[in-house]
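The structure under discussion appears below in the form of structure tokens.
The values are calculated or read from the model by the stated rules, or taken from the named source; none is laboratory data. Everything quoted here is computed from the prediction, not taken from an experiment. In this analysis, Cβ positions are derived from the backbone assuming ideal geometry, glycine residues included, and neighbour counts consider all displayed protein chains.
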Amino acid sequence: FGCEPSRHQHGTPDHPDMRHRVQLAPGSRLRALLGEDVFLVNSRHHQAVRRVAPALVAAGWHLDTTHPENGPLIEAIEAIDPARWVFGVQWHPENLVGLKGPAGDAARDLFAAFVKALRSSS
């Protein structure tokens, strides 16, 4: 389902690139990987995941917006099978790596884990 772009305009003077908070699922692989429960993310999307594919599970949700019919907006997904390095996020970590604090730390951790997974698979 789509979302109106105005629903993602939640920047602050201190964090103009940040738009909303994401809550990661306790026990999720993404939570273990990023080391954070809740952090601010940037957002420029106007679409969201409605249904998660059978091999995936929701791993993070938008804390500031709830869809009237579908509940919290899914912001992160991951493979159910821990042998598969499959993650998806609805924010842009590539634009956060230079920031200090939890958002920047999480972005750097995500890319570091991706590189590590690539190296171990070759």
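Condition (residue is within 13 Å of the chain's Cα centre (by Cα), of a type in the set (D, E, K, R) and not in a helix (DSSP H, G or I)) applied to the stretch 92-115: is it met by at least one residue?
No.
Each row is one residue, and each column tells you yes or no for (1) at pLDDT 85 or above; (2) in contact with a strand residue (DSSP E or B) (Cβ under 8 Å, 6 or more places away or on another chain); (3) more than 24 Å from Ala112 (Cβ to Cβ).
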position	(1), (2), (3)
Glu4	no, no, yes
Val38	yes, yes, no
Arg51	yes, no, yes
His67	no, yes, yes
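Part of a loop (DSSP other than H, G, I, E, B), surrounded by fewer than 19 Cβ atoms within 10 Å (Cβ to Cβ), at negative phi and of a type in the set (S, T, N, Q) - does that describe any residue in the stretch 69-89? Outline the logic, then answer.
Start the filter on the stretch 69-89 by keeping residues that are part of a loop (DSSP other than H, G, I, E, B), which leaves 69-70, 80-86.
Pick out the ones that are also surrounded by fewer than 19 Cβ atoms within 10 Å (Cβ to Cβ) and you get 69-70, 80-86.
With at negative phi added as a condition, the list becomes 69-70, 80-86.
When the remaining residues are screened for being of a type in the set (S, T, N, Q), the result is 70.
Yes; the residues of the stretch 69-89 include at least one that is part of a loop (DSSP other than H, G, I, E, B), surrounded by fewer than 19 Cβ atoms within 10 Å (Cβ to Cβ), at negative phi and of a type in the set (S, T, N, Q).
Of the residues that make up the stretch 43-50, is at least one part of a strand (DSSP E or B) and either among the aromatic types (Phe, Trp, Tyr) or surrounded by 15 or more Cβ atoms within 10 Å (Cβ to Cβ) (or both)? Step through it out loud before you land on a result.
In the first step, residues of the stretch 43-50 are kept if they are part of a strand (DSSP E or B); the result is 47, 49.
Then drop every residue that is not either among the aromatic types (Phe, Trp, Tyr) or surrounded by 15 or more Cβ atoms within 10 Å (Cβ to Cβ) (or both), which leaves 49.
Yes - at least one qualifying residue is present in the stretch 43-50.
When you check Arg84 against the structure, is it among the basic types (Lys, Arg), over 13 Å from Glu36 (Cβ atoms) and out of contact with any Ser or Thr (no Cβ under 7 Å at 6 or more places or on another chain), yes or no?
It is true that Arg84 is among the basic types (Lys, Arg), over 13 Å from Glu36 (Cβ atoms) and out of contact with any Ser or Thr (no Cβ under 7 Å at 6 or more places or on another chain).
Look at Gln9 and say whether it is among the polar types (S, T, N, Q), at pLDDT below 75 and loosely packed, with under 13 Cβ neighbours inside 10 Å. Even if it seems obvious, please write down each step before you answer.
Numbers: among the polar types (S, T, N, Q): yes; at pLDDT below 75: yes; loosely packed, with under 13 Cβ neighbours inside 10 Å: yes.
The answer is yes for Gln9.
So Pro102 passes all but one of these: (1) without any contact (Cβ under 8 Å) to a residue 40 or more places away in the chain; (2) touching a Leu at 6+ places or on another chain (Cβ under 9 Å); (3) under 18 Å from Arg19 (Cβ atoms). Which condition number does it fail?
Pro102 satisfies all of (1) without any contact (Cβ under 8 Å) to a residue 40 or more places away in the chain; (2) touching a Leu at 6+ places or on another chain (Cβ under 9 Å); (3) under 18 Å from Arg19 (Cβ atoms) except (1).
Testing Gly101 on (1) buried (at least 16 other Cβ atoms within 10 Å of the Cβ); (2) closer than 18 Å to Ala32 by Cα, one condition comes back false. Which one is that?
Looking at each condition in turn, Gly101 falls short on (1).
Need pairs with beta-carbon distance below 6 Å; first residue farther than 13 Å from Trp91 by Cβ and among the small types (Gly, Ala, Ser) and within the stretch 22-46, second assigned to a strand (DSSP E or B) and modelled with pLDDT of 90 or more; sequence gap 6+ or separate chains.
Listed by first residue and then by second, the contacts come to Ala25/Ala59; Ser28/Ala59.
Restricting to the stretch 58-77, count the residues that are closer than 18 Å to Phe87 by Cβ and over 13 Å from the mean Cα position of the chain (by Cα).
Step one: list which residues in the stretch 58-77 are closer than 18 Å to Phe87 by Cβ, which gives 58-62, 73-77.
Next, from what is left, pick out any that are over 13 Å from the mean Cα position of the chain (by Cα): none.
Looking only at that region, the number is 0.
Could you list, in sequence order, all residues of the stretch 59-68 that are among the hydrophobic types (A, V, I, L, M, F, W, C) and loosely packed, with under 14 Cβ neighbours inside 10 Å? Working first, answer last.
We begin by selecting, within the stretch 59-68, every residue among the hydrophobic types (A, V, I, L, M, F, W, C); these are 59, 61, 63.
Selection gives nothing.
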